[in-house]
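Input: a single structure, listed below in structure tokens.
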Amino acid sequence: MKLENRVAIVTGGANGIGRAIAIGLAKEGADLVIADVEIEPAKEVVNESKALGRKALVVRTDVSNSEETKRMTQTTLDEFGKIDILVNNAGGSAREMQSLFHESKEETWDFVIGRNLKGVLNCTRAVINHMIERRSGKILNIGSTAGILGQPRLADYSAAKGGIIAFSKALAKEVISYGINVNCVSPGPTQTRIMNVMDSEGKRLEILKKFTGFGRLGKPEEVAAMVVFLVSDEASLITGQNYAVCGLTNLGEVTMW
């Protein structure tokens, strides 16, 4: 297995893309820490990982809180003795607080930036010195095609995800001499529970399907497959890159003349 004897932290690993990433890592041999605020679904991921023969535990973590990310790191080290992989997946938009920017509120920006960009900074800062000391590690950040193109009604989210992409490139340059790989994966519209909740009538989903070029939404497992590859030894020469897993969403609307 590609990741046997590796220890991975997956933030936001209880649901959706994060869950698919966690299970994908477990299938390749990694032991897991699921860092999430949703404990019960996180426990389900842990149980599924254990059924695959992996060690796994849940650490309740609000990634926007630096003290909680430090505790997450220390708990992982106490349990497993090392951290090989950090997947910064926790994030998301403001959902019901979404608006055009001229109608937006500062508390919404704080929520979105804290949950996304600051969360990535907090978690990375909490583990990076350990990886530097070991001269080894894989950091994988989850961006978004919104951070590439910019998405109306999601200006704050687009800014936060764009920041994650830029941070990944900058950090990769800082730590390459320590043998640490830093990459980013940017999903397009993906079929998750949250997507269904946000669009109970399915009207928005039908529109989004057209932008992928394939006429369908992405699957969480398709994003997870790219993540698993990038944190494996097979991708040892790849760092500082952002990979869009989105059909053609990152290129704009598909128009056939």
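The values are calculated or read from the model by the stated rules, or taken from the named source; none is laboratory data. All values derive from a computational prediction rather than experimental measurement. Note that each Cβ is placed from the backbone with ideal geometry, even for glycine, and that neighbours are counted across all protein chains shown.
Cβ-Cβ under 7 Å, sequence separation 6+ or interchain: first residue in the stretch 105-125 and more than 17 Å from Val10 (Cβ to Cβ) and of a type outside the set (D, E, K, R), partner outside any helix (DSSP H, G or I) and at pLDDT below 95. Which pairs?
So the pair list comes out as Thr108/Ala94; Phe111/Ala94; Val112/Ser93; Val112/Ala94.
Give the residue, chosen from Asn89, Asn65, Asn122, that is over 19 Å from Val231 (Cβ atoms) and surrounded by 21 or more Cβ atoms within 10 Å (Cβ to Cβ).
Numbers: Asn89 fails: over 19 Å from Val231 (Cβ atoms); Asn65 fails: surrounded by 21 or more Cβ atoms within 10 Å (Cβ to Cβ).
From the options Asn89, Asn65, Asn122, the qualifying one is Asn122.
So which of Arg134, Arg115 ends up being surrounded by fewer than 16 Cβ atoms within 10 Å (Cβ to Cβ), in contact with a Gly (Cβ under 9 Å, 6 or more places away or on another chain) and not β-branched (Val, Ile, Thr)?
Arg134
When the stretch 114-130 is examined, which residues are found to be of a type in the set (Val, Ile, Thr) and farther than 19 Å from Gly179 by Cβ?
We begin by selecting, within the stretch 114-130, every residue of a type in the set (Val, Ile, Thr); these are 120, 124, 127-128.
The one that is of a type in the set (Val, Ile, Thr) and farther than 19 Å from Gly179 by Cβ: Val120.
Mind checking which residues of the stretch 214-243 are modelled with pLDDT under 95 and either farther than 24 Å from Gly16 by Cα or not charged (D, E, K, R) (or both)?
Of everything in the stretch 214-243, those that are modelled with pLDDT under 95 and either farther than 24 Å from Gly16 by Cα or not charged (D, E, K, R) (or both) turn out to be Phe214, Gly215, Leu217, Gly218.
Search the stretch 137-161 for residues being without any contact (Cβ under 8 Å) to a residue 40 or more places away in the chain and out of contact with any Gly (no Cβ under 6 Å at 6 or more places or on another chain), and hand back the single one that is nearest to Glu234 (Cα to Cα).
Initially, the stretch 137-161 is screened for residues without any contact (Cβ under 8 Å) to a residue 40 or more places away in the chain, giving 146-147, 150-151, 158.
Checking the rest, the ones that are also out of contact with any Gly (no Cβ under 6 Å at 6 or more places or on another chain) come to 146, 150-151.
Working: Ala146: 28, Gly150: 32, Gln151: 33 Å.
That would be Ala146.
Yes or no: Val46 on the phi < 0 side of the Ramachandran plot and in a helix (DSSP H, G or I)? Walk me through it before giving the result.
Working: on the phi < 0 side of the Ramachandran plot: yes; in a helix (DSSP H, G or I): yes.
It is true that Val46 is on the phi < 0 side of the Ramachandran plot and in a helix (DSSP H, G or I).
Can you name the residue in the stretch 137-153 that is among the small types (Gly, Ala, Ser) and crowded, with 21+ Cβ neighbours inside 10 Å and is also farthest from the chain's Cα centre (by Cα) among such residues?
We begin by selecting, within the stretch 137-153, every residue among the small types (Gly, Ala, Ser); these are 137, 143-144, 146-147, 150.
Next, only the ones that are crowded, with 21+ Cβ neighbours inside 10 Å stay: 137, 143-144, 146-147.
On the way: Gly137: 16, Gly143: 7, Ser144: 9, Ala146: 14, Gly147: 13 Å.
It comes out as Gly137.
Scan Ile180, Ile164 and give me the residue that is touching a Leu at 6+ places or on another chain (Cβ under 8 Å), at negative phi and either touching a residue at least 12 places away in the same chain (Cβ under 8 Å) or of a type outside the set (Asp, Glu) (or both).
Details: Ile180 fails: touching a Leu at 6+ places or on another chain (Cβ under 8 Å).
On inspection, the qualifying residue turns out to be Ile164.
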